[in-house]
Amino acid sequence: MEDEDLRLAPRTKAAELLAWAEAEGREPVAEGPLRAVLALLELGGGRMHDGWPELTSAVVEHLLYERLYLYVQPEPGQDPLAYGAAVRLLVDHQRAAKRLNAKRQERLHAEAEWQGEVAAGLLRRADLVTWPRLYALLLRAAGVDTGDEAAVRAWLEGFRELSAQERSAAFTALEADGVLEPVDDGGWDGGARTLAVGMATDGARRLLEQGLMERSYRNLAELTALGRPMPEELAGDFGAFEEAAVRVALELAGGWTVPGLPRLLVEEYPELAPEPGQAEIDAYLAGLEPTEDEAE
C-alpha cells in the first residue's frame, strides 16, 4: 500500500506551530494536545488552507464541545485546559499569517478560552467516556506501564476474568476515587450507560474513519488533476482502502489514549468494550417498556 498516495493519516503542522511559538516567545503549549487538536480539526470536515485549518466560531465549538471528549484522555498530570490553549495558539498564528483580522482573532480567542473550560469539564464526566478513554483511566489507576503493549494485554486478560459485577465495580470506583465526576444517570449497573458508551465509541470511530477517507479523497483529487493513476486500493475493490482507514483510525485513537489499546479492545477483547447493534438496542428499549399489568 502506497501510504504517500492514499494520505490517510493527518500530517499536521504541529512542529511548525511549536517552532513559531518558541520564536515568538510565547508560552509553551503541550505537544500532545496540540497534535490532537490539529488532527481533529483537519478530520472534522472544515476547510483547510495550505495545511492549516480555517477557524470559525462553529469550527471551534464543534471541536471543543462536540468531538474532543470522544477521543482524548489527558495523560496523568496533564492540564485538560491545554486543548483550549492549543486552539488559542492556532488562532494567534493564523492572525500573524493574516488569515484572521484583529476582531475575529479577539472573538475566537475568547470563545476558545471558555469552550476550552467547558471541554475540560466534559472530559471528566463519567457518562461521556468512550471505551478507550475509560480503559486508559483504569490502566493508569492500576499502575500499568501503558507504553508496554504486552503489559496492557496482560492486564486486559486479567480484567476479562472478572465477573460483570466486578468490572462494573471497577468502573464505579473511578468515580468514587474522583478520577471521573459522577452523573445521576443510574451508573453502570442498569445497563443504560454501558449501552451509551458503546454507541458513542462506535460512532466516534466511524466518524474518524469517514474523516480519514474524505481526507484521502481530497489528496487523490489532486493526483488525478496531475494525471497520475489511482492507487491500486481504489482502482477496483475498495475493501483494502476501507480496511486501511479502520486501521489508521484505531492507531490515531491509541495515540490520544493508550497506544494499541483501541485496536486491542476491538480485535481481541470486544466483550470488555461492547458496541451494541440495533438488536441489542431494541432489546434494551423493550425492557424499559411497561407490561400491560404495569401500564394498568
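Overview of results
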| read-out | value |
| --- | --- |
| Stretchable slack from A279 to E267, in nm (0.36 nm times residue separation minus alpha-carbon distance) | 2.2 nm |
| Extension gain (nm, one decimal) between A164 and E61, 0.36 nm per residue minus Cα-Cα | 33.4 nm |
| Surrounding net charge for G187, when Lys and Arg each add one and Asp and Glu each subtract one, Cβ distance under 10 Å | -4 |
| Cα-based convex hull, the chain, per residue volume (Å³, whole number) | 176 |
| Relative contact order (%) - criterion: Cα under 8 Å, at least six apart; region: the chain | 22 |
| Virtual paramagnetic centre 7 Å along Cα→Cβ of E24, amide N under 14 Å, in the stretch 80-97 | 85-97 |
| Estimated vicinal HN-Hα couplings, Hz - the stretch 118-130 in sequence order (Karplus 6.51, -1.76, 1.60; Gly, Pro = x) | 4, 4, 4, x, 5, 5, 9, 6, 5, 8, 10, 6, 10 |
| Tensor-based shape of the stretch 111-174 (alpha-carbon gyration tensor, a/c under 1.5 rounded, otherwise prolate or oblate) | oblate |
| Estimated FRET transfer efficiency (D145, A102; beta-carbon r; R0 35 Å; 0.05) | 0.15 |
| Tilt relative to the chain, helix 131-141 - C-alpha long axis, 0 to 90 degrees, to 10 | 80 |
| The stretch 3-123 shape via C-alpha gyration tensor axes, a/c threshold 1.5 | rounded |
| Order by protection proxy (mean Cβ within 10 Å, highest first), peptides 85-94, 14-23 | 85-94, 14-23 |
| For E181, residues with placed amide H under 5 Å, excluding near neighbours | R125, A126 |
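Rule-based calculations on the coordinates, nothing more; no lab input. Quick caveat, the model's predicted, so the values are computed rather than measured. All Cβ positions, even for glycine, are placed from backbone atoms using ideal geometry, and neighbour counts span all protein chains on display.
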